[in-house]
Amino acid sequence: MCGRNSLFIDQADLEARFDAEVVADGGYTPRYNIAPGDDLPIVTNEAPDEIDAYHWGLIPFWADEPEEGIINARSETADEKRVFERAWESRPCLVPSSGFYEWKSPNGGSKQPYRIHREDDPAFAMAGLWDVWEGEDETISCVTILTTEPNDLMNSIHDRMPVVLPKDAESDWLAADPDTRKELCQPYPKDDLDAYEISTRVNNPGNDDPQVIEPLDHEQSGLGEFSS
């Protein structure tokens, strides 16, 4: 799964990276610890030149009241689930990230958080689906992040990972038909993702500052360094 995100690139660099302009109400604020229920900056297929902010958690369209929603969707089965039907069919989006977080329980012990990021890219894109929940008195634009099987790096940390899109596949994700997009939902194929241990400060969403991403003692990278 992917249950915590970050995006702290400067706004000008973010807009240049995705060739899009921030249009979110309230503007853009760098975040080091974005939790479910927070707003996630996204780029939708309907406005590929805009960076908006949607509620993280896709709210079922049949819900009577707004709720936190579904933060992740399994890419292998999203097209079969009623809750994702219209989003999968025609509402793909990019979820920019400076790095996401995952937790590992070595030998059944306490969970150790890791930061997963790209050294050579201050922001990359995860594949998402967006939708709009409509209530009697309000509408909520919402988003879920797609997940897939882990690649070699993530396999030693968790049994799922977000669908991280290669840069040259981002425009295809937004523009392609559902069958083509499903083919893009693969474990990240490149070896430029890196991971290292961080402190448990990330466990508290109230901790939203640069200290969250500081390595515990030393930066670890590569599959072998995660083996116990």
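The values are calculated or read from the model by the stated rules, or taken from the named source; none is laboratory data. Being a predicted model, the structure only gives us computed values, none of them experimental. Cβ coordinates were reconstructed from backbone atoms using ideal geometry, including for glycine residues, and neighbour counts include every protein chain displayed. Note: accessible area is taken over every heavy atom of the protein model, side chains too, but ligands, DNA and RNA are not part of it. Shrake-Rupley method; radii C 1.70, N 1.55, O 1.52, S 1.80 Å.
For every residue, the table says whether it meets (1) within 20 Å of ALA35 (Cα to Cα); (2) not basic (Lys, Arg).
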site	(1), (2)
ARG74	yes, no
ASP79	no, yes
ARG82	no, no
ARG86	no, no
GLU89	no, yes
PRO92	no, yes
PHE100	yes, yes
GLY109	no, yes
PRO113	yes, yes
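Quick grid of which residues meet (1) open to solvent by less than 30 Å² (accessible area, probe 1.4 Å); (2) in a helix (DSSP H, G or I); (3) more than 21 Å from ASP120 (Cβ to Cβ); (4) at pLDDT below 90:
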{"position": "GLU183", "(1), (2), (3), (4)": "no, yes, yes, no"}
{"position": "GLN186", "(1), (2), (3), (4)": "no, no, no, no"}
{"position": "VAL202", "(1), (2), (3), (4)": "yes, yes, yes, no"}
{"position": "GLN220", "(1), (2), (3), (4)": "yes, no, no, yes"}
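Within region 118-149, how many residues turn out to be open to solvent by 10 Å² or more (accessible area, probe 1.4 Å), part of a strand (DSSP E or B) and closer than 28 Å to SER199 by Cβ?
Qualifying residue count for the region: 1.
Regarding SER171, is this residue among the hydroxyl-bearing types (Ser, Thr, Tyr), touching a strand residue (DSSP E or B) at 6+ places or on another chain (Cβ under 9 Å), open to solvent by 20 Å² or more (accessible area, probe 1.4 Å) and not in a strand (DSSP E or B)?
yes
So TYR28 ticks every box in (1) open to solvent by 40 Å² or more (accessible area, probe 1.4 Å); (2) under 19 Å from the mean Cα position of the chain (by Cα) but one. Which box is left unticked?
(1)
In the set ALA87, ALA63, ALA53, ALA73, which member is in contact (Cβ under 8 Å) with a residue 24 or more places away in the chain, open to solvent by less than 40 Å² (accessible area, probe 1.4 Å), in a loop (DSSP other than H, G, I, E, B) and not hydroxyl-bearing (Ser, Thr, Tyr)?
ALA63
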